[in-house]
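Below is one structure, written out as structure tokens; comments come after it.
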Amino acid sequence: MNNNDLIERYKASNISVPMSMIGWMRSNHAGETGAVWIYIGSRCVFWNKDIKKMSREHCQTEKNHLIIMNHLLKNQNKSKLLLIWRVLGFSLGFFSAVFGYRFFCVTIQAVETFVEKHYQEQIEYLYTHSISYDLLKVLEICCEEEVEHQNDAGFKKGKINNYIENFWSRVVGSGSSLAVSISKLI
């Protein structure tokens, strides 16, 4: 199923978000906002065609996810810190791209590894509690597409990470975890 099909399926299903999922969905919306801005920031490194190509390919998926998350949440339930998530996303994309294609791929792979775990927690919760089958399906599709980005970055990056790349991946994962914890609340 492609992104346009996902958006159409969402529109047709009239999904409501259970109260127990509001914090998670707020963090999803904040995360997809940050993801879009990662790719916007990376495009500022205009001299690297590989980064621009990957950014263009991945950004459209993230924009579609953001559209869906934007419609799933009422305005009062969205993160009040969207400006911060935009600035941090832009900075992460730009910073990692300045260090080259491989480092950018390491960053994307680290972000998407975290995002996969984050979506899987929600999917398991919805499945275990047998609530909101439509929301479950939307999150499964979003998760699959994030895993595609993770695998794409890993494939394009190539060989095993060195010490610096492993350290950076942990920093990115920890930062992502902190951002989710904050965005669930604010």
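The values are calculated or read from the model by the stated rules, or taken from the named source; none is laboratory data. Please read these numbers as outputs of a predicted model, since none were measured by experiment. A quick note on method: Cβ atoms are made from the backbone with ideal geometry, for glycine too, and the neighbour counts reach across all protein chains shown.
Descriptive notes on the structure:
- When the residues of segment 2-53 are filtered to those that are in a helix (DSSP H, G or I) and among the polar types (S, T, N, Q), the one that is modelled with the lowest pLDDT is 3.
- Residues in segment 13-61 that are farther than 24 Å from residue 152 by Cα and aliphatic (A, V, I, L, M): 15, 17, 19, 21, 22, 25.
- Meets criteria (free of Cβ contacts under 8 Å to residues at least 24 places away in the same chain, surrounded by fewer than 19 Cβ atoms within 10 Å (Cβ to Cβ) and within 15 Å of residue 168 (Cα to Cα)) for residue 46: no
- Test result for residue 67, among the aliphatic types (A, V, I, L, M), surrounded by fewer than 22 Cβ atoms within 10 Å (Cβ to Cβ), at pLDDT 95 or above and out of contact with any Ser or Thr (no Cβ under 7 Å at 6 or more places or on another chain): no
- Only a single criterion out of (1) among the hydrophobic types (A, V, I, L, M, F, W, C); (2) more than 19 Å from residue 30 (Cβ to Cβ); (3) free of Cβ contacts under 8 Å to residues at least 60 places away in the same chain; (4) in contact with a helix residue (DSSP H, G or I) (Cβ under 7 Å, 6 or more places away or on another chain) is not satisfied by residue 141, namely (3).
- One residue from 86, 56 being at pLDDT below 95, under 30 Å from residue 163 (Cα atoms) and in a helix (DSSP H, G or I): 56
- Residue 130 meets all of the listed conditions (1) closer than 17 Å to residue 31 by Cα; (2) out of contact with any helix residue (DSSP H, G or I) (no Cβ under 9 Å at 6 or more places or on another chain) but one, namely (1).
- Residue check for residue 120: surrounded by fewer than 16 Cβ atoms within 10 Å (Cβ to Cβ) and either part of a helix (DSSP H, G or I) or β-branched (Val, Ile, Thr) (or both): yes
- The residue list 130, 176 contains one member that is of a type in the set (S, T, N, Q) and surrounded by 13 or more Cβ atoms within 10 Å (Cβ to Cβ), which is 176.
- Hits in segment 142-181 - residues which are closer than 17 Å to residue 117 by Cβ and of a type in the set (A, V, I, L, M, F, W, C): 142, 143, 147, 153, 171, 172, 178, 179, 180
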